[in-house]
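Undergrad: The structure follows.
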């Protein structure tokens, strides 16, 4: 779907989140429910970075415009360049999305991009 939206000349930012429970919505605890008093479970770098990116996107439609946490983080590229932002327990950075989009489901959406856009 990101490919289809990018073709419509709309800014789009794709997230690959490989931390937390590994389930859909696993970024939720890092965005709003993180207990800062539990250092063993908390990854404050992920939490602060995600909050900065999400708030900046909500306000400016660009995750890179504003930061509140003073955490140093990489620039989140627009998906039009074929990169997504990947979060893991040990790394935060832009990666090529060719590997992640190389499956049957993604090829279906790519082949039907006009339908997906509408």
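Undergrad: Looking only at the stretch 56-76, count every residue that is in contact (Cβ under 8 Å) with a residue 40 or more places away in the chain and either on the phi > 0 side of the Ramachandran plot or surrounded by 17 or more Cβ atoms within 10 Å (Cβ to Cβ) (or both) and tell me the total.
TA: Let us first name the residues in the stretch 56-76 that are in contact (Cβ under 8 Å) with a residue 40 or more places away in the chain, namely 57, 61-63, 76.
Now restrict to residues that are either on the phi > 0 side of the Ramachandran plot or surrounded by 17 or more Cβ atoms within 10 Å (Cβ to Cβ) (or both): 57, 61, 63, 76.
Selection size over the stretch 56-76: 4.
Undergrad: Of all residues in the stretch 1-28, which are crowded, with 16+ Cβ neighbours inside 10 Å and at pLDDT below 80?
TA: 2, 3, 4, 5, 6, 20
Undergrad: Which residue out of 76, 68 is modelled with pLDDT of 85 or more, in a loop (DSSP other than H, G, I, E, B) and within 16 Å of the chain's Cα centre (by Cα)?
TA: From the options 76, 68, the qualifying one is 76.
Undergrad: Can you name the condition, by its number, that residue 95 falls short on among (1) part of a loop (DSSP other than H, G, I, E, B); (2) surrounded by 14 or more Cβ atoms within 10 Å (Cβ to Cβ); (3) modelled with pLDDT of 90 or more?
TA: (1)
The values are calculated or read from the model by the stated rules, or taken from the named source; none is laboratory data. None of these values were measured; they are calculated from a predicted model. Heads up, the Cβs are rebuilt from the backbone with ideal geometry, glycines too, and the neighbour counts pull from every protein chain shown.
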